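Right, one structure below, let's go through it.
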Amino acid sequence: MKDSTIYQRPESLQDVPTHYCPGCGHGTAHRLIAEVIDELGIRERTVGIAPVGCAVLAYDYFNFDVTEAAHGRPPAVATGMKRVRPELIIFTYQGDGDLAAIGIAETIHAANRGEKITVIFVNNGIYGMTGGQMAPTTLIDQKTATSPLGRSFQNEGPPLKVCEMLAPLDGTAYIARGALNKPANILKAREYIKQAFLNQIEGRRFSLVELLSACPTYWHLTPGDSMKKITEEVIPNFPLGVIKDER
Amino acid sequence: MSKMHALTGNEAAAYAMKQIDPDVVPAYPITPQTELMQTFAQYVADGAVQTEMILVESEHSAMSAGVGASAAGARVMIATSANGLALMWEIVYITASSRLPIVMAVVNRALSGPINIHCDHSDSMGCRDAGWIQIYSENCQEVYDNMVQALRISEHKDVLLPVMSTHDGFIISHTVERVDALKDEEVKKFVGEYKSLYPLLDVSKPVTYGPLDLQDYYFEHKKQQAEAMKIAKRVILEVGEEYGKLSGRSYGLFDEYQTEDAEYIIIALGSTAGTAKAAVDDMRAMGKKVGVIKLRVFRPFPAPELVQALSNAKAVAVLDRSEGFSGIGGPLFQEVRSALYRKADMPVSGYVYGLGGRDITPEMIAGVFGDLKEGRIHEDEAFHLGVRE
């Protein structure tokens, strides 16, 4: 009999419900990563590094080994792991608080050293887990728990563009930004993620994929309106596409 | 006239900060401190304070920004928990040795790892040797009162040491209680205008903060910190008494509850002291002579005062909400036992309890009193109370 399955749970994802809020991008991001790992056949040699943030429990959802790191330190932990076990595929999964705030130094230096790791950077412009405070990636005028009048350029500076900051570094091989707001963008993001893993398999240096993602709970919007916000407000600030590809 | 409020511990700390209106507050969120800074951020946005609030990218930077602002002559307040405090660690020591009077609310949370967001004292106990005054609060009222007093103690010209005012994560930080707050102008008057003794950019008296300090003077500077810590004890008492006249609630180094004729006494920090008082009430109703000492000030450690307070007891139990990994017992147990060194006939029993937010109940406290009475004394190795074997 012909197998007519066109959609199923990737082997790299556990068959468990997640704790993520309705409309959150983490579920989609997890699935894309899991699909790519299945497709590349690397599940049994992949290790994820989980962040501090909403995805702190990612190890409960991925069906491969995951190590938890202190807040912001996944690229440093990944460095240690990859140097000892270069045959493994090591990726970090980090939010904007983890990667762009408390851990920005680790991010920059792992990139500059050209560590042969893959970084998945989920940017929802807010600190989700602690309850919606301003992040380095928060948009100008965006209201958060710690910027109740909106982020001001003068006081807090503009949103930090991690991709554009890392792309000029000679250590980086691949930098791309996708968005998890509609099917076309999600499919595109999947391509970026796949390339970022392929680069590691093929021995290229630091690869990072930023995923613009929604936090309906702390944006105080419905999931639908959150997707609209990504299209209308977030993407104009964080342009999509492959920013660097040294192949 | 004071005013009653219904506040969580975090809100009580933020409310005290609002009334104090510090010049600079650097902030980075961490559970369970987050709500404190969020509440304060709303005060800033509402124009209720004139504070410059700086949203930095990590606790290491938060404390560093605090050092910079304080050295420049500003009154600085800050807050954190657990891993946030750990990330600040380097600057925590530098703040104290630079003699910068910064007040920090530490919302006690178990320090990783494993990761845990609930209460124990491993965070603040870990930096007990950093040179900060440490004050522990039992409830939301004390959180408020201690934040107001902490500033006066810290900024006293004979002290000039930073103060950690701690309260138990979730147990106090997220519990609403009645808080009797002073009026704004009373707090303003009590804390006074802050005038740094050695601000930067005073061209007639140039200063350097945190210079290289090698074999020549480092030792002398450390001795000065130790001397200031001794003086702090007197200042804490003076401020506690003055605050009592103003509010009707005076504060000392520790609080004695039913200890006068007590045969058996438990020493504890923070919210557990409240639980222990409830257990003591129940046992007193049954005619048992038991009491509680709630230690308010852990640094400086009130050793001779505690020895005096324990002088009529038959045995004492010390409850530690952190594991010191000494193989002997927790930090509070070791301090108490050391204080009682010359009273060799006093049995001192150590307990480690409540790690990572594990509950402690009046029944468990009654069990500790039972141990004391029946001579089950854990004097060489603390008993882990409430752990599954």
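A:Ile104 falls short on exactly one of the conditions (1) within 14 Å of chain B (Cβ to nearest Cβ); (2) open to solvent by 20 Å² or more (accessible area, probe 1.4 Å); (3) free of Cβ contacts under 8 Å to residues at least 24 places away in the same chain, and that condition is (3).
Residues checked against (1) modelled with pLDDT of 95 or more; (2) hydrophobic (A, V, I, L, M, F, W, C); (3) open to solvent by less than 30 Å² (accessible area, probe 1.4 Å):
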{"residue": "A:Gly150", "(1), (2), (3)": "yes, no, yes"}
{"residue": "A:Phe153", "(1), (2), (3)": "yes, yes, no"}
{"residue": "A:Leu166", "(1), (2), (3)": "yes, yes, yes"}
{"residue": "A:Leu169", "(1), (2), (3)": "yes, yes, no"}
{"residue": "A:Ala173", "(1), (2), (3)": "yes, yes, yes"}
{"residue": "A:Ala176", "(1), (2), (3)": "yes, yes, yes"}
{"residue": "A:Asn181", "(1), (2), (3)": "yes, no, yes"}
{"residue": "A:Ile186", "(1), (2), (3)": "yes, yes, no"}
{"residue": "A:Ala189", "(1), (2), (3)": "yes, yes, yes"}
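Restricting region A:219-247 to residues that are of a type in the set (Lys, Arg) and under 19 Å from the mean Cα position of the chain (by Cα) leaves a set whose member that is nearest to A:Thr144 (Cα to Cα) is A:Lys229. Under the condition of being open to solvent by less than 60 Å² (accessible area, probe 1.4 Å), under 20 Å from B:Ala279 (Cβ atoms) and out of contact with any Cys (no Cβ under 6 Å at 6 or more places or on another chain), the residues counted in region B:319-378 number 30. Give the number of residues within region A:144-177 that are within 12 Å of chain B (Cβ to nearest Cβ) and part of a loop (DSSP other than H, G, I, E, B). Residues meeting the conditions: 9.
Starting from residues that are of a type in the set (S, T, N, Q) and assigned to a helix (DSSP H, G or I), keep the ones in region B:115-149 and report whichever is surrounded by the most Cβ atoms within 10 Å (Cβ to Cβ). If we take residues in region B:115-149 being of a type in the set (S, T, N, Q) and assigned to a helix (DSSP H, G or I), then B:Ser124 is surrounded by the most Cβ atoms within 10 Å (Cβ to Cβ).
Regarding B:Ser154, is this residue of a type in the set (S, T, N, Q) and under 30 Å from B:Gln334 (Cβ atoms)? In short, yes. Here is a check on your reading of the model: is A:His26 away from every other protein chain (no Cβ under 14 Å), within 20 Å of A:Ala189 (Cα to Cα), open to solvent by less than 10 Å² (accessible area, probe 1.4 Å) and at pLDDT 95 or above? For A:His26, the condition - away from every other protein chain (no Cβ under 14 Å), within 20 Å of A:Ala189 (Cα to Cα), open to solvent by less than 10 Å² (accessible area, probe 1.4 Å) and at pLDDT 95 or above - is not met.
Could you tell me which of the residues B:Ala285, B:Ala317 is in contact with a helix residue (DSSP H, G or I) (Cβ under 6 Å, 6 or more places away or on another chain) and at pLDDT 95 or above? Sole residue among the options that is in contact with a helix residue (DSSP H, G or I) (Cβ under 6 Å, 6 or more places away or on another chain) and at pLDDT 95 or above: B:Ala317. Filter region A:183-219 down to the residues that are free of Cβ contacts under 8 Å to residues at least 40 places away in the same chain and part of a loop (DSSP other than H, G, I, E, B) and list them by number. Across region A:183-219, the qualifying residue is only A:Glu202. Among the candidates B:Leu161, B:Leu237, B:Leu182, B:Leu269, the residue that is crowded, with 16+ Cβ neighbours inside 10 Å, within 30 Å of B:Lys314 (Cβ to Cβ), of a type outside the set (Asp, Glu) and in the same structural domain as B:Asp145 (by TED's automatic domain parsing) is uniquely B:Leu237.
If we only count strands (runs of 3 or more DSSP E) wholly inside region B:1-114, which ones have 1 or more residues that are within 11 Å of chain A (Cβ to nearest Cβ), surrounded by fewer than 20 Cβ atoms within 10 Å (Cβ to Cβ) and under 19 Å from the mean Cα position of the chain (by Cα)? Outline the logic, then answer.
On the way: elements: B:3-7, B:24-27, B:52-55, B:77-80, B:103-108.
Fully inside region B:1-114 and qualifying: nothing.
Among the conditions (1) surrounded by 23 or more Cβ atoms within 10 Å (Cβ to Cβ); (2) within 14 Å of A:Phe91 (Cα to Cα), the only one that A:Gly53 does not satisfy is (2). When A:Asp141 is tested against (1) more than 26 Å from A:Asp245 (Cα to Cα); (2) within 13 Å of chain B (Cβ to nearest Cβ); (3) in contact with a Lys or Arg (Cβ under 9 Å, 6 or more places away or on another chain), exactly one condition is not met: (2). Mind listing just one residue for me: the one in region A:116-127 that is in a loop (DSSP other than H, G, I, E, B) and open to solvent by 10 Å² or more (accessible area, probe 1.4 Å) and, of those, farthest from B:Ala41 (Cα to Cα)? Filtering first and then ranking leaves A:Lys116.
Among the residues of region B:155-170, those identified as in contact with a strand residue (DSSP E or B) (Cβ under 9 Å, 6 or more places away or on another chain) and part of a loop (DSSP other than H, G, I, E, B) are B:Val159, B:Leu161, B:Pro162, B:Gly169, B:Phe170.
Looking only at region B:376-389, residues that are assigned to a loop (DSSP other than H, G, I, E, B) and either free of Cβ contacts under 8 Å to residues at least 40 places away in the same chain or under 17 Å from B:Ala262 (Cβ atoms) (or both) come to 6 in all.
On inspection, A:Tyr127 passes the criterion of being within 13 Å of another protein chain (Cβ to nearest Cβ) and at pLDDT 95 or above.
The values are calculated or read from the model by the stated rules, or taken from the named source; none is laboratory data. Bear in mind that the values here come from a model prediction, so they are computed numbers and not experimental data. Note that we place each Cβ from the backbone using ideal geometry, even for glycine, and neighbour counts take in every protein chain shown. The area values use the complete protein model at the heavy-atom level, side chains included, leaving out ligands, DNA and RNA. Shrake-Rupley method; radii C 1.70, N 1.55, O 1.52, S 1.80 Å.
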